[in-house]
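K.L.:
Handing you this structure, nothing more for now.
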Amino acid sequence: MNRVVVVEDETMARKGIILTIDWSALGCVVVGEAANGQDALELAESLRPDVILTDIKMPFMDGLELCRILTDRL
């Protein structure tokens, strides 16, 4: 199973993504969630997910910056 982290600053959207997608049918399991890029970075470094589904525009650190940092670090 691919391990997924969902990153979205809007709580309802984040929960909706997690609850409405049939992750197991996609061969995935959600292992974490974050409300901003900064929290997602810490989560990704500790959980080492296979996939990060991220919003682009978020407070503290946007999704593009998160991707740049993770590409350099992981």
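We did not get these values from a lab; they are worked out from the coordinates using the rules stated. If you're wondering where the values come from, they're calculated on a predicted model, not measured in any experiment. Neighbour counts are summed over all protein chains in view; Cβ atoms, including those assigned to glycine, are modelled from backbone coordinates with ideal geometry.
K.L.:
Could you give each residue of the stretch 64-74 its phi-based ³J(HN,Hα) in whole Hz, using Karplus coefficients 6.51, -1.76, 1.60 with θ = phi - 60°, and x for Gly or Pro?
P.N.:
Per-residue couplings from phi come out as 5, 5, 4, 4, 4, 5, 5, 4, 6, 8, 9 Hz.
K.L.:
Mind listing which trypsin sites (Lys or Arg not before Pro) in the chain are in a DSSP loop and have 10 or fewer other Cβ atoms within 10 Å? Walk me through the intermediate numbers first.
P.N.:
On the way: sites: Arg3, Arg14, Lys15, Lys57, Arg68, Arg73; in loops: Lys57.
Here the sparse-neighbourhood loop sites are Lys57.
K.L.:
Taking a temperature of 4 °C and a viscosity of 1.567 mPa s, what whole-number D in µm²/s does Stokes-Einstein yield for the chain with Rh from Kirkwood over alpha carbon pairs?
P.N.:
Working: Rh = 12.2 Å.
For the chosen part, D equals 106 µm²/s.
K.L.:
Go ahead and collect, in residue order, the members of the stretch 30-65 whose backbone nitrogen is under 13 Å from a label point 7 Å along the Cα-Cβ direction of Ala13.
P.N.:
Residues 35-37, 54-59, 62-64 fall inside that zone.
K.L.:
Determine, from the Cβ-Cβ distance of Asp22 and Arg48 and an R0 of 22 Å, the FRET efficiency 1/(1 + (r/R0)^6), rounded to the nearest 0.05. Can you show the working numbers first?
P.N.:
Details: r = 24 Å, r/R0 = 1.08.
Computed FRET efficiency for Asp22 and Arg48 comes out at 0.40.
K.L.:
Taking amide H positions as placed in the peptide plane 1.01 Å from N, state which residues far from Met58 in sequence (5 or more) or on other chains have amide H under 5 Å from it.
P.N.:
Gly63
K.L.:
Might you report the magnitude of the Cβ-based charge dipole of the chain about its Cα centre, with Lys and Arg at +1 and Asp and Glu at -1, to the nearest 20 debye?
P.N.:
On the way: 7 positive and 13 negative charges, 36 e Å.
Dipole size: approximately 180 debye.
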